[in-house]
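The values are calculated or read from the model by the stated rules, or taken from the named source; none is laboratory data. Source: prediction; values computed, not measured. Neighbour counts run over all protein chains shown; Cβ positions are idealised from the backbone, glycine included.
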Amino acid sequence: MSKPIRPFSKQSWKQLIEVSRFQRPATAWIRAGQLLNVYTGEVCEGHIAISQDRIAYVGGKEPLTDEQTVVIDAADLTVVPGYIEPHTHPFQLYNPLTLAEFALSRGTTTLIHDNLNFFQKLEPDQLDRLFAVMYRMPVKNFWWARLDPQTTDDSLKRAFTPERVKRMLQHPLVLQAGELTAWRELLDGAEDIEELMYLARLEGKPIETHNPGASAETLNAVTAAGVTCCHESITAEEVLRRLRLGLYAALRHSSIRPDLPDLVRGLLQENHQSWNRFMLTTDGSAPFFFAHGFTDFLIRLAIENGVPPVDAYRMATLNPAVYYGLDQELGGIAPGRLADILFLEDLAHPTPVKVMAEGKMAVEQGRVIAPLPEIDWAQFGIGKLPAPTWKAEPEWFRVASTGEKFPVADMINAAILSHRNESLPERNGAIVLTAHDDYLYAALLDRQGKWICTGIVKGFGNIHALASTYTLSQDIIVLGKDAVQMAQAVNRIMENGGGICLMENGRPLFELSLPLMGGMSLENMDVLIARTSTLVHLLRERGHRHEDPIYSLLFFSATHLPSIRFTRKGLLSVKTGTILIRSRELGG
């Protein structure tokens, strides 16, 4: 980014210079802390003079002060730059405001967000206004421009026209394109995704991809197309494969892929010593995963698993700033940079005791004290799902026998559904599940009640009924053994305008309201951490054994993942593109 992140007047610019030359009093003075210099790797004692929102001077001399100067004694503290989270999905039950508030409380002062759900649902002017409101915060909120919807659903693809995507790419708060999940289509010559990738390349934006397990040949091809980063490495060799081709690697530690310790240990075993093209990301984890922290937790994990402390901090500060072209503004404690400064006990404890954002104290002892905007979500067209004109019926969740082996969706992990053809018991033309087996009836149900795709899932646990409007395809996912309670769960969440409901013995065992687009709560992160931890605990008691059941709900309709998925057309074999069991029309 060539222009300043926060615009300033010529007078402010001149005052910054004057403070740096000891000709004008500093507006704030951080006195004699241990300063981490991410540029050299040194930790030295020194002073920091601030002029309004920017750092004017770093060094051994005390700045000029007056009675208006705010003096912060850092003698017993270590001072580091504000953290940068380069890859968030700000609609994973939390919303962008509650995520930003939580991130700030843990020292993350810059977030780069996925725009997917908002891009699909909001008009361009609504999106512009949302971006503007989110930017008027102590936390800097930037965005990606998605190029594909992560699903083959034509109704969701319609938003991704060249005109709309180009407009998004040219927005000053949009820093990258991606994450690209339609890379297969790109390499196969699909004209629509080729056009969007070409536009992103012409705009000079970094382009992040989603290439789990990709070969060197595939990575060569997507890199030739303009890709600059990938966060999908699950082994050290995959990380090195990306680095060797000039890509950045975002090391992920998330609720669905808690990989960071293994990646770090694997890289150290390979005697890898250069960490300047790494970043750290929580990859839009489910709320319960943040009980341990945010970017601060990732830095601690990196250090505990052998990364030199200075390099661990660089991965969360300078490296992402350089990657996004923001290092003239962010990523270090140096003159001219915005004064995003964290006060730590020491480098072994990355969770700050105090946070300064743009020259003003924003967090004290984990509590956000800076004013945050109140967002009227309705002005952006974001609210509860419309009250349904239909009621789900138990018969909808009947899974018809095919007369042959049935294509079961077997959960290999929280994200991957393997395709297994199995002989299942049947009665009167329908699949019959026993009370104690590890199989569930499953359905993807249209929010308007017009169609339903039914199937069988193995490996989620043994539950009476679970329904959720939190899905990638923006439909309703329903799982369970009891069709009556499955219908009840659906009707409850739709009557409430969106949410998650776990039913047992005819009553709701767990409910979470999601009144923003059916996927986001209004509760703060602390409440969501507690509530989602309760849901995970209840599901584990009932046999769920994978990392993140909440993400599993999201991904049942995600056709960018192998190998069998629930879609509006029916049960899809991702590899062949064929519909194994067709969806049924309903009366809604």
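Looking only at the stretch 377-389, filter to residues that are hydrophobic (A, V, I, L, M, F, W, C) and surrounded by 15 or more Cβ atoms within 10 Å (Cβ to Cβ); which one of those is farthest from F119 (Cα to Cα)?
L385
Can you tell me how many residues in the stretch 475-485 are more than 23 Å from T151 (Cα to Cα) and either in a strand (DSSP E or B) or β-branched (V, I, T) (or both)?
Qualifying residue count, the stretch 475-485: 2.
Does the stretch 488-496 contain any residue that is assigned to a strand (DSSP E or B), under 26 Å from I375 (Cβ atoms) and in contact (Cβ under 8 Å) with a residue 12 or more places away in the chain?
Scanning the stretch 488-496, I find no residue that is assigned to a strand (DSSP E or B), under 26 Å from I375 (Cβ atoms) and in contact (Cβ under 8 Å) with a residue 12 or more places away in the chain, so the answer is no.
Could you tell me which of the residues L173, L169, L219 is assigned by TED's automatic domain parsing to the domain that holds T110, among the hydrophobic types (A, V, I, L, M, F, W, C), within 25 Å of P258 (Cβ to Cβ) and touching a helix residue (DSSP H, G or I) at 6+ places or on another chain (Cβ under 9 Å)?
The match here is L219.
Among the residues of the stretch 267-277, are any surrounded by fewer than 22 Cβ atoms within 10 Å (Cβ to Cβ) and not in a loop (DSSP other than H, G, I, E, B)?
Yes, the conditions are met somewhere in the stretch 267-277.
Out of F102, F91, I need the residue that is hydrophobic (A, V, I, L, M, F, W, C), over 20 Å from L169 (Cα atoms) and more than 12 Å from the chain's Cα centre (by Cα). Which one?
F102
Condition test on Q15, is it surrounded by 18 or more Cβ atoms within 10 Å (Cβ to Cβ) and over 27 Å from N319 (Cα atoms)?
Here the answer is yes, as Q15 does meet what is asked.
Among the listed residues E208, E194, E185, identify the single one that is within 23 Å of the chain's Cα centre (by Cα) and not β-branched (V, I, T).
One residue alone meets the criteria, E208.
Give me the residue from the stretch 137-153 that is hydrophobic (A, V, I, L, M, F, W, C) and over 18 Å from A177 (Cα atoms) and, out of that set, nearest to the chain's Cα centre (by Cα).
V139
One line per residue, one yes/no per condition, for (1) at pLDDT below 95; (2) closer than 19 Å to M486 by Cα; (3) not assigned by TED's automatic domain parsing to the domain that holds N491:
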residue	(1), (2), (3)
W377	no, no, yes
G383	no, no, yes
R398	no, yes, no
G403	yes, no, no
A409	no, yes, no
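If you take the residues in the stretch 209-264 that are in a loop (DSSP other than H, G, I, E, B) and touching a Cys at 6+ places or on another chain (Cβ under 7 Å), which one is farthest from R300 (Cα to Cα)? Break it down stepwise before answering.
Let us first name the residues in the stretch 209-264 that are in a loop (DSSP other than H, G, I, E, B), namely 210-215, 225-228, 231-235, 244-247, 254-257, 259.
Pick out the ones that are also touching a Cys at 6+ places or on another chain (Cβ under 7 Å) and you get 211, 247.
Working: N211: 27, L247: 24 Å.
Among those that are in a loop (DSSP other than H, G, I, E, B) and touching a Cys at 6+ places or on another chain (Cβ under 7 Å), it is N211.
Residues I193, I234, I256, I207: which one is surrounded by fewer than 20 Cβ atoms within 10 Å (Cβ to Cβ), in contact (Cβ under 8 Å) with a residue 24 or more places away in the chain and of a type in the set (A, V, I, L, M, F, W, C)?
After applying the criteria, what remains is I234.
Collect the residues in the stretch 153-180 that are among the β-branched types (V, I, T) and either on the phi > 0 side of the Ramachandran plot or surrounded by 22 or more Cβ atoms within 10 Å (Cβ to Cβ) (or both), keeping them in residue-number order.
Hit for the stretch 153-180 is V165, nothing else.
Among what's in the stretch 363-376 and is in contact with a strand residue (DSSP E or B) (Cβ under 7 Å, 6 or more places away or on another chain) and more than 24 Å from R129 (Cβ to Cβ), pick the residue that is surrounded by the most Cβ atoms within 10 Å (Cβ to Cβ).
Within the stretch 363-376, the match that is surrounded by the most Cβ atoms within 10 Å (Cβ to Cβ) is V363.
Taking the condition over 21 Å from Q488 (Cα atoms), touching a residue at least 12 places away in the same chain (Cβ under 8 Å), touching a Leu at 6+ places or on another chain (Cβ under 7 Å) and not in a strand (DSSP E or B), does L528 pass?
So L528 passes the test.
Every residue, every condition in (1) surrounded by fewer than 24 Cβ atoms within 10 Å (Cβ to Cβ); (2) over 30 Å from K157 (Cα atoms); (3) modelled with pLDDT under 95; (4) not assigned by TED's automatic domain parsing to the domain that holds P90, yes or no:
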residue: K481; (1), (2), (3), (4): yes, yes, no, yes
residue: G497; (1), (2), (3), (4): yes, no, no, yes
residue: V527; (1), (2), (3), (4): yes, yes, no, yes
residue: T532; (1), (2), (3), (4): no, yes, no, yes
residue: R565; (1), (2), (3), (4): no, no, no, yes
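Within the stretch 444-474, restricting attention to residues that are in a strand (DSSP E or B) and of a type in the set (S, T, Y), which residue is farthest from A489 (Cα to Cα)?
Only one residue tops the list, namely T454.
Quick check on the stretch 28-40. Is at least one of its residues touching a Leu at 6+ places or on another chain (Cβ under 6 Å) and modelled with pLDDT under 95?
Yes, that holds for at least one residue.
So G306 passes all but one of these: (1) closer than 15 Å to Y83 by Cα; (2) in the same structural domain as L169 (by TED's automatic domain parsing); (3) surrounded by fewer than 23 Cβ atoms within 10 Å (Cβ to Cβ). Which condition number does it fail?
(1)
Residues of the stretch 5-39 being assigned to a helix (DSSP H, G or I) and closer than 30 Å to P309 by Cβ, which ones?
Within the stretch 5-39, S20 is the sole residue that qualifies.
Please state which of the following conditions V239 fails to meet, knowing it meets all the rest: (1) of a type in the set (A, V, I, L, M); (2) touching a Ser or Thr at 6+ places or on another chain (Cβ under 9 Å); (3) within 30 Å of V355 (Cβ to Cβ).
Answer for V239: the failing condition is (3).
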